[in-house]
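Colleague: Below you will find the structure I want to go over with you.
The values are calculated or read from the model by the stated rules, or taken from the named source; none is laboratory data. Note that this is a predicted model, so its numbers are computed, not measured. Here Cβ is always computed from backbone atoms with ideal geometry, including for glycine, and neighbour counts include all displayed protein chains. For accessibility, only protein heavy atoms count, side chains too; no ligands or nucleic acids. Shrake-Rupley method; radii C 1.70, N 1.55, O 1.52, S 1.80 Å.
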Amino acid sequence: GIVLGFSLTGFIAFWFFPGVLIRMFRNDPKLIETGAVALKRIRIAFPFMGLSMLISTAFQAIGRGVPSFVISVLRQVIILLPVMYILGRMYGLGISWFAFPIAESLGFIIAGVWIAIAIRVEMKKMRN
């Protein structure tokens, strides 16, 4: 429930109130214009982000902290930074913001496969 609430709140706030969020820090019209575009594109990542957080928590719950850490680094560094760089170089700043949903969705897919395998292994141990 908390993860769903977090994801939904971020998605709605970044979609409907990007200017308000940016004005909380600085009231520069150019920054607000650029930032609003960024937040609206980044918002697409929130559902994947929430699901990845849920999977990371599941890993911790079964005593596997390393996969949880790897998933976080994978999403936030290993995938995000190169994708943002490539999109920025190829298409410019406006498109580079899509690196966030790309990184989060790829991270979620990898985490989903990893947790499915881990659950299968744990279930096999329990049967033996």
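Colleague: Tally time: how many residues in segment 14-56 are free of Cβ contacts under 8 Å to residues at least 12 places away in the same chain and in contact with a helix residue (DSSP H, G or I) (Cβ under 7 Å, 6 or more places away or on another chain)?
Modeller: Residues that pass the stated criteria total 2.
Colleague: How many residues does segment 49-106 contain that are over 16 Å from ALA118 (Cβ atoms), in a loop (DSSP other than H, G, I, E, B) and open to solvent by 30 Å² or more (accessible area, probe 1.4 Å)?
Modeller: Residues meeting the conditions: 2.
Colleague: Which condition breaks for MET53 when tested against (1) over 25 Å from ARG120 (Cβ atoms); (2) of a type outside the set (Val, Ile, Thr); (3) within 11 Å of the chain's Cα centre (by Cα)?
Modeller: Status for MET53: all satisfied but (1).
Colleague: Would you say ILE44 is within 12 Å of the chain's Cα centre (by Cα) and in a helix (DSSP H, G or I)?
Modeller: Judged against the criteria, ILE44 is a match.
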